[in-house]
Amino acid sequence: MRPVLWGLLGFVVCLPLAFVLLIVTAAKYPAMDTFTLKLPAGIQTTVADLILQKAGYGKDSAKGIDRAIKFDPENPDAWTRRCRGNLDGTTSDQATCRKAIALQPTAWNFNGLGAAQDDDGDTKDDLLSDREYLAVGYDRTNQPAKATAMCTKAHTGWKTCHCELTETSVKCSGVPIASTSKK
């Protein structure tokens, strides 16, 4: 009976250890990526977090951030790093920063969006877009008064205003203050 108990104890101790070794090995070696993508989403998220811990910041971290996004496409830290990282020597693109804002509406991400928009030249449209995204950020952080104020600041001719995040941009809806007819 004792050998069976020792065997059971060895199994109980070694199984979690093998699981941890699998996760650490998957995070360390990109050759395991095809296998790791077949694992459950929770394990992929854990692997993505481990990859980001080792990836660091700056231009040398691009491969690690891309791997983390491959395993966890909704990882806010990875998208923030992608937005602010200036990974390829050019400015960040707006779509990446908008994705970062959708996942984690922080001042750092909004600043990254502003930096990405500085090079576009469409300042008036960019300001409108920034205000709309800021209204969504305030709304998501349970600050409805600030969200409404920012939305009406973006759309000055509207009596009421509400902005929501869509898949690719922000959609604002409202009621104009006064409708004028042309004669």
Fill in the blank from the handout: Given [x] 9, 39, 41, 10, 0; [y] 7, 28, 28, 20, 10, 4, 2, 0; [z] 9, 27, 24, 18, 11, 6, 4, 1, 0, 0 as possible values of P(r) over Cα pairs in 10 Å bins from 0, in percent, the one from the coordinates is [z]
Exercise for the section: Could you give the size of the charge dipole of the chain about its Cα centre, using +1 on the Cβ of each K and R and -1 on the Cβ of each D and E, expressed in debye and rounded to the nearest 20? Expected result: 400 debye
Problem - Inter-label distance, nm, simple model (7 Å from Cα along the C-beta direction), V4/D60 - result: 5.6 nm
Exercise for the section: Set the Förster radius R0 to 35 Å, insert the Cβ-Cβ distance between F19 and Q143 as r into 1/(1 + (r/R0)^6), and round the FRET efficiency to 0.05. Expected result: 0.25
Fill in the blank from the handout: In whole Hz, the Karplus estimates of ³J(HN,Hα) for the range 12-29 (6.51, -1.76, 1.60; θ = phi - 60°; x where Gly or Pro) are 5, 6, 7, 4, x, 5, 5, 4, 5, 4, 4, 5, 5, 5, 5, 6, 7, 10
Problem - Rounded FRET efficiency, nearest 0.05, which uses the C-beta distance separating K38 from A115 and R0 of 25 Å - result: 0.10
Practice task
Tell me the trypsin sites (Lys or Arg not before Pro) within the range 1-72 that lie in a loop according to DSSP and have at most 12 other beta-carbon atoms within 10 Å.
Solution key: K38
Handout entry: In order through the range 31-37: 3J(HN,Hα) via Karplus (6.51 cos²θ - 1.76 cosθ + 1.60), integer Hz, x for Gly, Pro
Key = 5, 8, 4, 5, 5, 5, 5
Fill in the blank from the handout: Among G137, G85, G56, the residue with the largest mean-square fluctuation in a Gaussian network model of the chain built from Cα contacts under 10 Å is G56
Problem - Under-5 Å amide H pairs with W158, H placed in peptide plane, nonlocal only - result: I177
Completion exercise
Most fluctuating of A68, A115, A145 in the GNM of the chain (C-alpha, under 10 Å) is A145
Completion exercise
With the dipole of the range 1-92 defined by +1 on each Lys or Arg Cβ and -1 on each Asp or Glu Cβ, the option from A48, C14, M32 whose Cα lies farthest towards the positive pole is C14
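A short reminder: the numbers here are calculations on the coordinates, not readings from a lab. None of the values given here were measured: they were computed from a predicted structure. In this analysis, Cβ positions are derived from the backbone assuming ideal geometry, glycine residues included, and neighbour counts consider all displayed protein chains.
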